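> Here you go, one structure.
Values in this text are rule-based calculations from the coordinates and carry no lab data. Because the structure is predicted, anything quoted here is derived from the model rather than measured. Note that each Cβ is placed from the backbone with ideal geometry, even for glycine, and that neighbours are counted across all protein chains shown.
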Amino acid sequence: MRKFWKFGRDALLGGVLVILPIYLTVLLLLKAMKTVAKLVRPLARLLPDWFPAQHVLSFLLVVILCFLVGIAVRTSIGQATRNRVESFVLHKIPGYTLFRSMTKQLAGNSGETTWKAALVEIEDALVPALIIEELDDGSFTVFVPSVPTPMAGAVYILAAHRVHPLDVPFTQVLKAISRWGSGSKDLVAAMESRGMPSVGTR
């Protein structure tokens, strides 16, 4: 029964991480269709009343706009513009960077830098974390999610000897955080399997 509930919780969290981006995309699509409805209304009046022309034309217009934007961001100018928008606007939204990277990695985007699960030493404790990047001097930038909302947290730059990468998916860290630490024993076991003793045993 315990394994059943664990499987259920893991499946639920995995489903949320997949469905949430789709849900937000649908909401934005509907909002965009409502915004452009006035533009297509004169053309929609020319079509038969039985045909939902305004909705169909609004949808097509939004799709065409998304297609054109998608083409534009592939150019050097478009890429630079997108980077500026993300740097000056979107990255200031709490949780945006984590959400963006998480959804891209779950979608299998090979161009997205993969975060690595880790346990890091902060004072006398081991803390579940995500390795964001490695610095030139060998130290690491790590993100420590907050309990129970992994979209928020703190960023630390730690020396290499205080960071213990784990051979587990980064989502396992997020699951432990969202479940108030339940499952952390698996993270510790993964660290010890690499030959690293726990902090308290040194």
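> How far is it, in nm, from the label point at L43 to the one at V168 when both lie 7 Å from their Cα along the line to the Cβ?
5.3 nm
> Now for a separate question. Taking a spot 7 Å from the Cα of L135 along the direction of its beta carbon, which residues of the stretch 145-172 have an amide N less than 15 Å from it?
155-163
> Next question, about the same structure. Mind checking the full-extension length gain between S193 and V56? Use 0.36 nm per residue of separation minus the Cα-Cα distance, one decimal, nm. Intermediate values should be presented prior to the final figure.
On the way: separation 137, 0.36 × 137 = 49.32 nm, distance 5.68 nm.
Value of the extension gain: 43.6 nm.
> Considering Cα pairs under 8 angstrom that are at least six residues apart, work out the relative contact order of the stretch 116-201 and quote it in whole percent.
On the way: 158 pairs, mean separation 26.4, N = 86.
Reported as a whole number, the value is 31 percent.
> For a test of the definition: using alpha carbon positions, the gyration tensor, and the 1.5 limit on a/c, classify the stretch 116-201 as rounded, prolate or oblate. Mind dumping the intermediate values first?
Values: a/c = 1.58, a/b = 1.11, b/c = 1.42.
Cα axes put the stretch 116-201 in the oblate bin.
> If each of V147 and K31 carries a label point 7 Å out from its Cα toward its Cβ, how far apart are those two points in nm?
Computed distance between label sites V147 and K31 equals 3.4 nm.
> Where does the charge balance sit around Y156 when Lys and Arg score +1, Asp and Glu -1, over other residues with C-beta under 14 Å from its C-beta? Don't skip to the answer; put the middle values down first.
On the way: positive: R162; negative: E121, E123, E133, E134.
Within the 14 Å Cβ shell, the charges total -3.
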